[in-house]
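Nothing in this text is a laboratory measurement; each read-out follows from the coordinates by a stated rule. Here the structure is a predicted model, which means the values were calculated and not measured. Don't worry about glycine lacking a Cβ; one is built from the backbone with ideal geometry, like all the others, and counts go over all protein chains shown.
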């Protein structure tokens, strides 16, 4: 696994999180964040539209990972299998959800949990991801409501797995958690209590 | 079916929506809403904490409907069956989702769709409903992650059914839509594409 090489965007994200944790989200300014890594406010805004957004950087790439997984699935794959393959691919391959990044993700979630406006932003990102996934499934000919239900199910599994991954004391990889959780989801309709 | 008898809360909600549609959400004040039904601002705040909240009134009762459905399910019912019964009960019995209220719900959704801060509030309400449902399932002894997955699935079916119900030209009842959608969900793991 390649070492994580921080570029300007990642350095800003890391500095922002450290400042939010140390001084509080409301008390930290964009100028503070930029100054902490020797950059200007102007450079900050080249990467992020506002202070909230610094906690949600890399969304484009994140979404694209899910879409690529849908596109790559076998032509005769069923909707939930397509989504499962897509979620598994993101969790396995991404350089965002590896061990080195788990402490960052943990701290980030604590800041989000403490601010309803950040929780709301996160929910909007997840809702938007589900919309994008459903559209990618429809592109492949999956009909509604199966496309939306499968997409929402995939995002639910991803979100709950991520919560589990960053929980205190959690040691399994995101891939292991996600794959076990997808199995539970698959067995919900017919499985025993 | 009993005729819908508007009380103060409902009259405020109705007046608020009319003003939001006519004059815009941002342009309407709490004083305007209260005045429109001959009440004081003070009375408004007895029912709603802020202007956004007037579009989300009755949440307590709404949630309780879901919880009651979980509590009432047969002791040996499986998690997804419990949730399906709960969602079906809310859609069938509620005085909120009947034909008389469909035009109100349609207008309300148009206002929400036009304002990201209202969408975010709505997503937070739905996330909170899923949390409450999962807790009710755990109370019954359902283990994690099945409890959360079943709860999230139920809320997804409810949300997508509701969107379909208020879509322009939609004529089926919410119960009909919801029950058909739950069938599609159940067949996702093993069904054909």
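Spread over its residues, the convex hull of the C-alpha atoms of segment B:58-193 is 123 Å³ per residue.
Bin width 10 Å, alpha-carbon pairs only: give the P(r) of the protein assembly as shown as whole percents, running from 0 to the bin holding the largest distance. Going from the shortest bin to the longest, the percentages are 5, 20, 29, 26, 16, 4, 0. Neighbour counts of C-beta atoms inside 10 Å place A:152, B:122 in the sequence B:122, A:152, starting with the fewest. Axis angle, to the nearest 10 degrees, between helix A:8-23 and the longest C-alpha principal axis of chain A: 70 degrees. Copy-to-copy label distances for residue A:190, where each label lies 7 Å from Cα along Cα-to-Cβ, are 0.1 nm in order of increasing length. Relative to the longest principal axis of the Cα atoms of chain A, helix A:79-93 runs at roughly 40 degrees.
Between segment B:52-115 and segment B:122-189, how far is it from one alpha carbon centroid to the other, in angstrom? Distance between centres, Cα-based: 9 Å.
In nanometers and ordered shortest first, the copy-to-copy spacing of the residue A:58 label point, defined 7 Å from Cα toward Cβ, is 4.4. Across the copies of the chain, residue A:24 has label points (7 Å from Cα along Cα→Cβ) spaced 3.3 nm apart, shortest distance listed first.
Per DSSP helix of 4 or more residues, -39500 (n - 2.57); summed, then divided by the residues of the protein assembly as shown. What does that give at 222 nm, rounded to the nearest 500?
Values: 18 runs with 259 residues, N = 386.
When only DSSP H runs of four or more count, the value is -22000 deg cm²/dmol.
Note on A:142-151: average number of Cβ atoms from other chains within 10 Å of each residue's Cβ is 5.
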